[in-house]
Amino acid sequence: MELFITALFIIASLGTILIAERARNPIAIVHIMFFIVFVDLLHLANLTGENVKHYDLVYYLLAHLSVFLYLVIFSLGLLWLKENHLIPSQGRIFKSAINFGDGWLVAAFCGWFLVKAYLVAKYGVSAFSLFRQLAGQDAVLHFYAWWETPAETYARSFAVGACAIYVIKAISEKGYWKKHWAVSATFFIFVAVYVGTHASIVGPRRFMLLLVLIGLATAAWREGKTVSLYFLTRWRTVLVACLVLFGLMTYYQAIRNNFFAPEIADKLLSGNPIVFAQGIARGMVPMPGRDLMGNEQAKFIREGPFDIVYAVIRRRGDGNPGTRGAITANAFRMIMPRIIAGGKKKDVNADDFLTKQISITPNGPYLVSDVATSLLAIFLADFGFLGILIAPMVMAFSIAVFSYIPRKGLLATPLFILFLFSVLLSLAANVEGDLVAILSIFRNTMILAVALIPFSLMHRGLLKKTKRLSTAIRQRHQDERGVGMLT
């Protein structure tokens with residue numbers, strides 16, 4: 001019965017893509033596909049595995065209905081925004097990427113490497129969250145200098161935005177990756193290190209899937225087709241992309257625990273950036289047949305966001321009052337920069353509220369509660385079924401705002417454009433995330449805009465002076481030529 005219900009809702013959810021496509025926003029389409037994959041399809045995969053949970057049929061149907069309504073409201077919200085001219089056409093996003101300079105892409109990738117090299121030299125393995133536990137009691141949870149966290153955050157954002165732009169350019173222009181080999185080389189090196197070290201905020205496998213979906217959406221735009229029509233007519237290309245993605249995910253699964261092997265961990269703990277890089281390179285090579293952690297290997301498929309949505313609905317149906325807006329209020333507190341809040345600022349996430357107030361914890365042994373939260377689960381916990389309306393509208397509004405890539409004006413700078421592409425990727429992948437991530441995007445965007453505007457004004461002033469000077473020189477030459485002719 002559960003398999004049948006899930007399959008039925010998956011088919012219905014696919015229909016929302018046809019509705020959303022009328023809004024002509026590739027990021028929104030990628031978000032819907034991401035949602036279907038990591039909520040519905042992941043849950044379906046778990047149903048076919050071992051140790052299947054027992055679900056109450058009524059709450060199970062309500063959970064599926066909530067997920068489906070999220071997609072429907074999100075799609076209808078996009079159409080409303082499009083009809084009221086509040087969301088730009090997809091051409092704005094793709095053309096902004098195509099016209100972007102290659103030199104800035106290389107600079108973005110290299111900038112991330114330089115920032116990480118500095119942090120490794122100063123903090124050792126704590127510069128990467130994946131390796132922080134190797135340091136034990138010596139682990140550094142927060143960078144000391146006030147500017148280091150923003151520098152790492154923006155360097156990562158610029159590089160991730162460069163990834164999106166590179167994929168769009170590589171798909172749009174035939175043979176681009178061969179002609180511009182320097183950009184391609186830095187891109188592949190960055191992705192390898194970024195994924196291998198688990199530095200991606202959305203998760204390594206999600207990040208790879210995100211780039212593949214962006215590439216397929218770009219290919220559909222290049223041929224003047226909708227994404228659904230492209231998938232149907234170019235199914236062989238889609239199949240090859242899926243097979244390559246599955247191979248990369250399998251490879252990552254094979255190396256994800258390599259860094260805890262003693263010989264590799266010693267290099268990572270050296271504190272020397274060069275030796276650290278050697279450890280990273282060694283960790284990229286699969287080490288089959290070894291139990292590196294001393295425990296069971298990490299599962300390829302784990303519990304997804306659907307189970308948390310179901311758990312929230314069941315707890316509230318059983319009489320639990322929910323979190324009464326506590327998670328939303330905490331999200332606004334969490335986005336306050338540490339330089340303002342001070343060193344006493346405590347990191348409290350949605351998982352803590354779900355654990356303490358609704359008694360929702362992940363399955364299996366764990367040291368820190370890490371449940372697959374989502375905006376839908378958070379707003380359901382905070383506001384009941386009204387959250388089904390709030391969550392998709394927050395996402396639709398956010399995607400509409402950041403789809404306006406500036407083409408002229410003070411913010412039409414390479415760094416700001418790189419950041420916006422990173423934001424769009426984060427929004428598209430925000431399926432297993434929280435409200436803090438959304439609010440942080442708006443906060444970081446405003447901070448970056450305020451920081452870049454003075455430089456833009458200076459640059460514009462220099463251009464005007466240069467233009468006036470060149471005009472004066474040209475006029476002078478014309479006057480001298482005229483005098484010579486009269487003479």
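The values are calculated or read from the model by the stated rules, or taken from the named source; none is laboratory data. Everything numeric in this text was worked out from a predicted model, so none of it was measured. Reconstructed Cβ throughout: ideal geometry from the backbone, glycine too, with neighbour counts over all protein chains shown. The protein model used for the area step is the full one, side chains on, heavy atoms only, and it has no ligands, DNA or RNA in it. Shrake-Rupley method; radii C 1.70, N 1.55, O 1.52, S 1.80 Å.
Name, by its number, the condition in (1) within 11 Å of the chain's Cα centre (by Cα); (2) in a helix (DSSP H, G or I); (3) among the small types (Gly, Ala, Ser) that does not hold for GLY433. Against the list (1) within 11 Å of the chain's Cα centre (by Cα); (2) in a helix (DSSP H, G or I); (3) among the small types (Gly, Ala, Ser), GLY433 comes up short only on (2). Residue selection: GLU173 satisfies the criterion of being more than 21 Å from the chain's Cα centre (by Cα) and of a type in the set (Asp, Glu). Scanning the range 87-112 for residues that are small (Gly, Ala, Ser) and assigned to a helix (DSSP H, G or I) turns up GLY91, SER96, ALA97, GLY103, ALA107, ALA108, GLY111. Counting only residues that are surrounded by 23 or more Cβ atoms within 10 Å (Cβ to Cβ) and either outside any loop (DSSP other than H, G, I, E, B) or acidic (Asp, Glu) (or both), the range 401-415 holds 0 of them.
May I ask you to verify whether LEU213 is under 15 Å from the mean Cα position of the chain (by Cα), of a type outside the set (Val, Ile, Thr), open to solvent by less than 50 Å² (accessible area, probe 1.4 Å) and under 24 Å from MET284 (Cβ atoms)?
No.
Taking residues in the range 446-475 that are more than 16 Å from GLY409 (Cα to Cα), and partners anywhere that are modelled with pLDDT of 75 or more, the pairs with Cβ atoms closer than 8 Å and at least 6 places apart or on different chains are ILE447/PRO150.
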